[in-house]
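The values are calculated or read from the model by the stated rules, or taken from the named source; none is laboratory data. None of the values given here were measured: they were computed from a predicted structure. Note: ideal-geometry Cβ built from the backbone for every residue, glycine included; neighbour counts use all protein chains shown.
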Amino acid sequence: MNRALRLIVVLGILSLATWNVAFGESASIVSITTPRGVQQLFILIKPDHVIASVILFAGGNGSLQLNRVPPPQVGPYAFVAGNFLVRSREKFAAHDFMVAVIDAPSDQPKGMSPSFRVSKDQAIDIGAVADYLKTQADVPVWLVGTSAGSWSAARGAIGANRDGIATGSIDGLVLTSTVTHIAPGSAFAKVFPEIARDYPDGVISMALPEIRVPTLIVSHSEDACEATPAVDAPALAKRLTQAAKVEITLLSGGDPPRSVPCEAYAAHGYYGIETQAVDRIADFITVNSKRGP
């Protein structure tokens with residue numbers, strides 16, 4: 001499907017402008033119909049002066065359980081409500097970024113599995129959101145994923161050069177707490193045996209050489225989640241052979257954890273250093289989003 005036709009499809013939207021009392025932000029819930037015929041919901045925050053757009057992908061199952069009526073709150077039982085990117089969305093907006101926080105699409109009622117996150121369908125949906133954001137502000141669009149959301153962000157960047165999906169819509173990639181290790185015999189491997197077989201090194205096993213956009217890799221030196229070890233960042237970077245630019249940022253410190261290692265309120269989720277993490281990401285995006293004369 002060419003870009004012009006996709007834009008026509010994308011523009012069948014429902015936008016509910018509201019004030020989110022729970023999170024204190026001026027926001028909208030947007031629902032678009034993607035080219036494969038599903039509904040894709042996301043929270044949209046649009047500052048007055050937009051210099052870039054970011055599409056944020058939470059970890060876990062990625063299900064925000066967004067209300068379809070005001071106010072645009074994350075569902076009270078959403079597993080990812082406290083996710084690093086979800087809870088930091090206002091911080092991204094403060095950098096003059098238009099922010100889209102992605103929910104699971106309508107055909108994934110139980111949330112996004114790793115198999116879906118690495119699929120062509122996921123790339124199609126991401127491309128549709130990117131196209132929508134371009135209609136709102138003609139600025140670069142970046143994909144930012146954390147933990148299991150790193151599968152989605154990487155797949156969207158790969159899709160920008162495969163089968164015409166999202167071509168020209170994706171301008172950069174940020175991977176944080178990236179999944180780079182699937183232990184044989186682990187609970188994850190037992191639940192998702194095909195993913196464990198085909199992607200033993202997580203995102204590192206994806207078609208990363210197809211990614212051409214500038215890419216930032218962010219890790220926490222004290223991340224104790226066995227699936228996202230900071231020590232794997234160099235191996236991840238080495239696979240990005242065609243990316244326009246690759247940088248690694250290793251953060252440290254924060255508050256004492258109040259969740260298990262692989263959840264949001266630990267080093268894995270940059271707990272206590274959210275502002276530092278977002279500022280570093282924002283600096284990379286701003287520098288690498290500058291347009292030529």
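What residue, among those in the stretch 119-148 that are in contact (Cβ under 8 Å) with a residue 24 or more places away in the chain and acidic (Asp, Glu), is surrounded by the most Cβ atoms within 10 Å (Cβ to Cβ)?
Taking the stretch 119-148 and keeping what is in contact (Cβ under 8 Å) with a residue 24 or more places away in the chain, we get 119-137, 139-148.
Checking the rest, the ones that are also acidic (Asp, Glu) come to 121, 125, 131.
On the way: ASP121: 17, ASP125: 30, ASP131: 22.
It comes out as ASP125.
Please determine whether any residue of the stretch 263-270 is farther than 28 Å from ALA94 by Cβ, touching a residue at least 40 places away in the same chain (Cβ under 8 Å), in a helix (DSSP H, G or I) and not hydroxyl-bearing (Ser, Thr, Tyr).
Filtering the stretch 263-270 for residues farther than 28 Å from ALA94 by Cβ gives none.
The answer is no; no qualifying residue exists.
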* Check the stretch 140-160 and report whether any residue there is modelled with pLDDT under 95 and among the basic types (Lys, Arg). => no
* **Residues within the stretch 238-256 that are part of a loop (DSSP other than H, G, I, E, B) and in contact with a helix residue (DSSP H, G or I) (Cβ under 7 Å, 6 or more places away or on another chain), tallied** => 5
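Out of ALA277, ALA233, ALA224, I need the residue that is part of a loop (DSSP other than H, G, I, E, B), aliphatic (A, V, I, L, M) and modelled with pLDDT of 95 or more. Which one?
On the way: ALA277 fails: part of a loop (DSSP other than H, G, I, E, B); ALA233 fails: part of a loop (DSSP other than H, G, I, E, B).
Selected residue: ALA224, the only one of ALA277, ALA233, ALA224 that is part of a loop (DSSP other than H, G, I, E, B), aliphatic (A, V, I, L, M) and modelled with pLDDT of 95 or more.
Looking at the stretch 205-232 only, could you name the residues that are aliphatic (A, V, I, L, M) and buried (at least 20 other Cβ atoms within 10 Å of the Cβ)? Walk me through it before giving the result.
In the first step, residues of the stretch 205-232 are kept if they are aliphatic (A, V, I, L, M); the result is 206-208, 211, 213, 216-218, 224, 227, 230-231.
Residues satisfying the conditions are MET206, LEU208, ILE211, VAL213, LEU216, ILE217, VAL218, ALA227, ALA230.
Scan the stretch 173-199 for residues that are exposed (fewer than 15 other Cβ atoms within 10 Å of the Cβ), without any contact (Cβ under 8 Å) to a residue 40 or more places away in the chain and on the phi < 0 side of the Ramachandran plot and jot them down.
Pass one, the stretch 173-199, residues exposed (fewer than 15 other Cβ atoms within 10 Å of the Cβ): 183-187, 190-191, 193-194, 197-198.
From what's left, without any contact (Cβ under 8 Å) to a residue 40 or more places away in the chain: 184-185, 187, 190-191, 193, 197-198.
Across the stretch 173-199, the qualifying residues are PRO184, ALA187, LYS190, VAL191, PRO193, ARG197, ASP198.
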* the stretch 107-162, residues that are polar (S, T, N, Q) and in contact with a Gly (Cβ under 9 Å, 6 or more places away or on another chain) -> GLN108, GLN122, THR146, SER147, SER150, SER152
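Within the stretch 169-197, which residues are hydrophobic (A, V, I, L, M, F, W, C), over 19 Å from ALA282 (Cβ atoms) and part of a loop (DSSP other than H, G, I, E, B)? Lay out the reasoning, then the answer.
Of all residues in the stretch 169-197, those hydrophobic (A, V, I, L, M, F, W, C) come to 170, 173-175, 179, 182-183, 187-189, 191-192, 195-196.
With the extra rule that they be over 19 Å from ALA282 (Cβ atoms), the set shrinks to 179, 182-183, 187-189, 191-192, 195-196.
Hits for the stretch 169-197 are VAL179, ILE182, ALA183, PHE192.
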* Number of the condition not met by ASN61 [criteria: (1) at pLDDT 95 or above; (2) touching a Phe, Trp or Tyr at 6+ places or on another chain (Cβ under 7 Å)] -> (1)
